[in-house]
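Only the coordinates and a few stated rules stand behind these numbers; no lab work does. Predicted model, so just to flag it, every value in this text is computed and none were measured. Cβ: placed from backbone, ideal geometry, glycine included. Neighbour counts: every protein chain shown.
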Amino acid sequence: MKIKYFDLIDQSFDWPQEEFQLSDGKLAFHGIPMMDLVEEFGTPLRITYLPKIGQNIARAMGWFREAAAKTQFEGDYHYCYVTKSNHFHHVTKEVLSHGALIETSSAYDLDIVSHLVKSGDMQQDARVICNGFKTDAYMSRILELRDQGLSGLTPILDNLDEWKRLSANSTKPMDIGIRIATEEEPKFAFYTSRLGLGYNRIMPLYKESIKDHPHLTLRMLHFFVNTGIRDTAYYWNELNKALDLYVAMRQICPTLTALNIGGGLPTKNSLAFDYDYAYMFEAILEQVAMRCNAAGVPHPDIFTEFGSFTVGESGATLFKVLHQKRQNDRERWNMIDSSFMTTLPDSWAVNHRFLMLPLNRWMDPYERVFLGGLTCDSDDYYNSEQHLNAIYLPTFKENDPIYLGFFHTGAYQDNIGGHGGVHHCLMPGLRHILIDDTEEGGFECREFCPAQPSEQVLSLLGYAAPAAQTEPS
Ligand SMILES: Cc1ncc(COP(=O)(O)O)c(C=O)c1O
């Protein structure tokens, strides 16, 4: 009878998979035995496997090259990384070393850019896409850095007020872009995205103001569909509307040479994940080439801004099951040694499902469970997989604990949950380990940060260290 956890996975999915292997009932991720990490560093633990970042950038560049050859596409490809998905220096450094550009979203993001230029990780004239709503602080940083010689800064206009402030205050030549406000999918609560300018405002803005500006040059149209790059009628419809505008604008604006198709390339969130990346690249380039050929305009350079795809698959978050609570005959709660709300906030806020697997005991029988987090919030739980409305794990045993891995958690979780700081029920921030490959074919680990100490949390809350007690005289 097939009752082992291994049988469940082996019968349900292709197994083993590229990044997961099994040895002696224990899981390895990119060849790294996860239980060795648990033994060395303990749980809860955040890990970042740095080589995956460069591998994904190279994969996307490869898909573009193949697609361009097949569709006779003549534009270049520029891979940008949107820092908001993971701001850590070890990530931006890795991204830049693989030939990607940076996209920013706020004023402080530009301080990161400035730091990267000073540290020599980034060229002074590298293109930097400045997206997002421009507060006065964000706009001033753009102008200041441009004055200091960062000639590749490319602000993307989100609204007309930004144009007024930028055009009135810029003193040096600068490329700019305009974000097109897309129509949202019918299931959304609103029709048009709040981000960007409506289609019918863009052409008049160019003709009436941008065209004759002494320093600012329209270089890029930007569009980003919130729901991501998917093979759906909605996506193709939005892309085609953007292409209509691109070709119409290109006919009157010779400097408009770039089309930015945003982020939204999906990441593997289940063992059953099935997404044909090469096909999507080809289908997009085919559409762009066809529309440009028909209108007699040159093919644009394509920019993408992949956040999740760049960094998501490099991350994993490891927990131990501390205890099993049985609340009735059917519901078994495996309590993890941290919180879902604070460490994987997307699982709670937007019901995002990550790829979850046990790290040990694969040859043991399994049972259906719910996973509970340690905060006293009833929403702090995890109870389904991407492909299944349930969770199965090796049976709980008090004296042989199960360890769990949530994989591909590298994008947004730290930024939304907050690194450092004060968390719900004072859950401490996780110990974080960076892993790199070695030249000998092994791997090496270094600690990025320890588990957050209580003193740090208390000090943030205003509990200054008590003064040393003195004896009354
Ligand atoms: C303008 C822009 N570009 C890129 C991204 C990255 O999206 P993803 O992480 O899905 O690739 C976002 C995400 O919100 C965005 O707002």
Packing rank of 76-84, 307-315, 388-396, 156-164, where each peptide gets the mean count of other beta carbons within 10 Å, highest leading: 307-315, 76-84, 156-164, 388-396
Please rank CYS425, CYS292, CYS376, fewest neighbouring Cβ atoms within 10 Å first, as an exposure proxy. CYS376, CYS425, CYS292
Length gain on complete extension for the stretch ASN169 to ALA468, per 0.36 nm per residue less the alpha carbon to alpha carbon distance? 102.2 nm
R0 of 56 Å, Cβ-Cβ distance ALA390-THR217: FRET efficiency to nearest 0.05: 0.50
Show me the ranking of peptides 262-269, 335-342 by mean Cβ neighbours inside 10 Å, starting with the highest. 335-342, 262-269
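For the ranges 65-73, 297-305, what's the packing order if you count other beta-carbon atoms within 10 Å of each residue, average per peptide, and put the highest first?
Listed from highest to lowest mean packing, they are 297-305, 65-73.
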For the pair ILE3/ARG230, report the inter-label distance in nm, with labels modelled 7 Å from Cα in the Cβ direction. 4.0 nm
With a cut-off of at most 15 other beta carbons within 10 Å, and DSSP calling the residue loop, which GluC sites (Glu not before Pro) in region 14-55 qualify? Please list them. GLU18
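Taking 0.36 nm per residue of sequence separation and subtracting the Cα-Cα distance, how much length would be gained by fully extending the chain between LEU458 and HIS98, in nm to one decimal?
Contour length minus the Cα-Cα distance gives 125.6 nm.
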Please give the contour-minus-distance gain from ASP76 to ASP274: 0.36 nm per residue of separation, less the Cα-Cα distance, rounded to one decimal in nm. 68.5 nm
Within region 169-310, what percent of beta bridges assigned by DSSP are antiparallel, to the nearest 5? 5 percent
Which residues in region 235-270 have a backbone N closer than 16 Å to a point placed 7 Å from the Cα of ALA295 along the Cα-to-Cβ line? 237-261
Given H placed 1.01 Å from N in the peptide plane, which residues other than close sequence neighbours of THR182 have an amide H under 5 Å from its amide H? SER193, PHE224
Could you compute the net charge surrounding TYR412? Neighbours are other residues with a C-beta less than 9 Å from the C-beta of TYR412; K and R count +1, D and E count -1. -1
By the Cα gyration tensor axes a ≥ b ≥ c (a/c under 1.5 gives rounded; else a/b larger than b/c gives prolate, otherwise oblate), the shape of the chain is prolate
Residues of region 87-121 with backbone N under 16 Å of the label point set 7 Å from the Cα of ARG446 along Cα→Cβ are 88-95, 97, 121
Could you list the residues of region 355-383 with an amide nitrogen less than 12 Å from a label point located 7 Å from the Cα of GLN11 in the Cα-to-C-beta direction? 366
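Do the sum for the chain: with -39,500 (n - 2.57) for every DSSP H run of n ≥ 4, divided by all residues, what is the mean residue ellipticity at 222 nm, to the nearest 500 deg cm²/dmol?
-9500 deg cm²/dmol
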Just to confirm a number: summing +1 for Lys and Arg and -1 for Asp and Glu over residues other than ALA67 whose beta-carbon lies under 9 angstrom from that of ALA67, what do you get? -1
Which of ALA294, THR409, PHE281, positive extreme of dipole for region 281-411 (C-beta unit charges): THR409
Under a point spin-label approximation (7 Å from Cα along Cα-to-Cβ), what is the HIS115-ARG194 distance to one decimal in nm? 2.8 nm
Around LEU243, what is the net charge, scoring Lys/Arg as +1 and Asp/Glu as -1 over all other residues with Cβ under 15 Å from its Cβ? -2
